[in-house]
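Peer 1: Quick one: this structure, given as structure tokens, is what I'll be asking you about.
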Amino acid sequence: MFKREMKINFKSFVIWASILIGLFLIVFLVYPSIINSENMEMMDEMMKMFPEEMLKAFNMDISSIDTAFGWLKTEGFVFVLLITGIYSGILGSNILLKEESDKTIEYLNSVPVARKNIVINKILCGLFYIILMVAIVGIFNFIGLSLSGEFDKKSYILLSITPLFTGVVIFAICLFLSTFTHKTKKTLGISLGIVFASYFLNIISEMGESTEFLKYISIFTLADIRNVIVNVSINPVMIVLTILITAIFMTLTIVRYEKKELI
């Protein structure tokens, strides 16, 4: 069952991983030629024109973009978080529902496998691919940074782990929501909405004290990138919250799926 899930979801994994790797390959090839003393002076002047709140939202107030690693700590990890989040959301919304959409649920029902085991195997497959996605992108960027020059390896390794926190939680939430419908089209829009709305709330929460409360309802707060950049450490609370939220929604998914009427 697990091997079947791995094979079915392998193609989409390759596509999304290739998107991220391709993006950063372009950065590592082009960035050295862009960054020179003249361009950096122009960028510094341009940065002064932006409000402090906006710079803070993208961590540009605590990290310069004069190196590839500096860019990664600001805009770079925005792409990692968003693309990993989108992939996790789509995977979570489809991995169970596609059996009904593709009419293969009849085959699964004919196999002597309990619904609980079906869900568990799909969860394990989803988690495996999310972890593999983060690991591959992390290793690729590590190699790219090593070839580009010196960088803080500990800080980078911790930063490269953070997308896991948002990815697995988004996957778990979207997986649970998928048990309330029979069509993948319905959950796909909801999944993407969750990702973009959550990231938007996280950005706004960094723009002032009056909006700071929004971070408590944003999944991307779990990544806690700013804390990693400043303190070079991961807040244990974020790890606990990630495990707790993921476990709750996965348990609810199993309970809900066992009671769901399949078509």
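Values in this text are rule-based calculations from the coordinates and carry no lab data. Treat the numbers as computed from the prediction; the structure is a model and nothing was measured. Positions of Cβ are backbone-derived with ideal geometry, glycine not excepted, and every protein chain shown enters the neighbour counts.
Peer 1: Want the number for Glu150 to Lys183: 0.36 nm per residue separation, take away the alpha-carbon distance, what's left?
Peer 2: My answer for the length gained is 7.0 nm.
Peer 1: Another question, if that's okay. Would you kindly state how much longer the chain becomes between Leu244 and Phe196 on full extension, computed as 0.36 nm times their sequence separation minus their alpha carbon distance, in nm to one decimal?
Peer 2: Once the chain is fully extended between Leu244 and Phe196, it gains 15.0 nm.
Peer 1: Which length gain, in nm to one decimal place, applies between Ile136 and Ile157 when the Cα-Cα distance is subtracted from 0.36 nm times their residue separation?
Peer 2: This chain segment gains 6.3 nm when fully extended.
Peer 1: I'd like the distance separating the alpha-carbon centroids of segment 141-161 and segment 168-193, in whole Å.
Peer 2: A separation of 33 Å, based on Cα centres.
Peer 1: Can I ask one more? Please tell me which of these pairs span more than 22 angstrom C-alpha to C-alpha: Lys116/Lys259; Lys183/Lys259; Lys122/Lys260; Lys98/Lys259; Lys98/Lys186; Lys7/Lys73?
Peer 2: Lys7/Lys73, as the Cα separations exceed 22 Å there.
Peer 1: While we're on this one: Return the distance in nm (one decimal) between the two label points of a simple spin-label model at Leu124 and Val255, each offset 7 Å from Cα along Cα→Cβ.
Peer 2: Roughly 2.3 nm, to one decimal.
Peer 1: Where in segment 160-182 does the amide nitrogen come within less than 19 Å of the point 7 Å from the Cα of Ile8, taken along Cα to Cβ?
Peer 2: Residues 171-182 fall inside that zone.
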